[in-house]
Amino acid sequence: MDASIVIATYNRKPLLEKCLNCLFNQDYPKDRYEIIVVDDGSTDGTGQMIKRKKSPCKLKYLPHSKRKGPAKSRNLGISSSKGEVVIFVDSDILAPPQFIKEHIRFHKINPNLIVDGPAISINEKDISSTPFNHPKVKALAFFDLFGASFITANTSCRKENLVKVKGFDEEFDIGFGWEDKELGLRLKEMGLKRVKNRQAYALHLQKEKLPQNLISLCTKRKQIGTNAILYYKKHPEAKIRKEIKLRYLSYDKFLSFFIKWEKIPLKLKENKTHLTKIWVKFYLIHSYAQGLREGMKRYNIH
């Protein structure tokens, strides 16, 4: 088995189904790759949808009865995989037909790589008008120059190397963010090199930028802030301190002189005025700073 595609998912049935359909349609031998879906306690019928699927390749469904978090979910996918290379994608990723082939091509050249492919953001309503070979998509993939050393939206690594570093750090638990970058840092410290393969691009489906209800988005941003402190605790270096943006604490302190956060409704009217966008940005800064403060208290970081 050449490749195992690992997808950790939670209550994303419609997006996951689109993701799977693309992975079924790869121009790679169907007996040389498998898809592993780790369901982190979904309640939206994800399991029933997967069981109805007729997959041309091997499809494994590994459900959790309750949420255990992305780190534990992806580690289960790694331990259950049979492929020499593990390719991580998120459940909102659409992969073009050459996707697996391009990831494997780089690993055949050098076994000690982290292969990062561009994840090009696209709105759900634009899927039909922006196919994989659209000039705009190819241009964005070509000019994708940056990114972290390990992002699970579209990244691959040999299983043997993931096992050597003991996979994702499960102390990150059910919170969101940084567990993938932390793994990437340990892989690089072990001697692996991160390379970008712009031919291994994929589309990253996104909702509207200003959701009508910001509660879930703010909760997620707060979790990212808390996990950022855990990341820094594990790697207390100046570059990590800069990466987690502790300056947001100062930004929030300044904003709090003028804004009474408890009086701002999180349920915003559906409009896209500049004023609304500004309030959203301010509130996300505040939520991230709340997470940072909570993390500093929890992990005794000063």
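Coordinate-derived values only; no laboratory data. In this text, all values refer to a predicted model and were calculated from it rather than measured experimentally. Reconstructed Cβ throughout: ideal geometry from the backbone, glycine too, with neighbour counts over all protein chains shown.
A few notes on this one:
- About its Cα centre, the dipole of segment 1-136 is roughly 420 debye, where the only charges are +1 on Lys and Arg Cβ and -1 on Asp and Glu Cβ.
- Pairs beyond 27 Å (Cα-Cα), from 242/297; 30/220; 13/60: 30/220
- Aspartates and glutamates with Cα under 16 Å of residue 101, excluding same-chain neighbours fewer than 8 positions away: 2, 27, 31, 34, 84, 116
- If only the Cβ of Lys and Arg carry +1 and only the Cβ of Asp and Glu carry -1, the dipole of the chain around its Cα centre is close to 480 debye.
- Taking amide H atoms as placed 1.01 Å from N in the peptide plane, the amide H of residue 121 lies under 5 Å from those of 204, each 5 or more residues away in sequence or on another chain.
- Options 296, 77, 183, ranked by Cα towards positive dipole end of the chain, top entry (Cβ charges): 296
- Relative packing of peptides 253-262, 276-285 - highest average C-beta neighbours within 10 Å first: 276-285, 253-262
- Comparing 101, 13, 136 in a Gaussian network model of the chain, where Cα atoms under 10 Å apart are tied by springs, the biggest mean-square fluctuation is seen for 136.
- Evaluating 6.51 cos²θ - 1.76 cosθ + 1.60 at θ = phi - 60° for every residue in segment 157-168, the Karplus couplings come out as 7, 5, 4, 4, 6, 5, 5, 4, 8, 6, x, 6 Hz, glycine and proline recorded as x.
- Cβ-defined net charge surrounding residue 82, 11 Å radius [Lys, Arg +1; Asp, Glu -1]: +1
- Largest GNM mean-square fluctuation among 156, 65, 80, using the chain with Cα springs under 10 Å: 65.
- Of all DSSP beta bridges in the chain, antiparallel share, percent nearest 5: 30 percent
- Candidates 204, 235, 103, ranked by Gaussian network fluctuation over the chain, Cα under 10 Å, top entry: 235
- Structure-derived Cα extents along the principal axes in Å - corresponding label in (1) 80, 47, 37; (2) 61, 42, 41; (3) 58, 49, 35: (2)
- Segment 173-186 - phi-based ³J(HN,Hα) in whole Hz, Karplus 6.51/-1.76/1.60, Gly and Pro as x: 6, 8, x, 10, x, 6, 5, 6, 5, 5, 5, x, 5, 5
- Packing-based order for 106-118, 67-79, using average beta carbon neighbours within 10 Å, highest first: 67-79, 106-118
- The packing ranking, built from the mean of other Cβ atoms within 10 Å per residue, places the peptides 191-202, 223-234, 46-57 in the order 223-234, 191-202, 46-57, highest first.
- Here the 3J(HN,Hα) profile of segment 32-42, calculated from phi with Karplus coefficients 6.51, -1.76 and 1.60 at θ = phi - 60°, is 10, 9, 9, 10, 10, 9, 9, 8, 8, x, 4 Hz, Gly and Pro shown as x.
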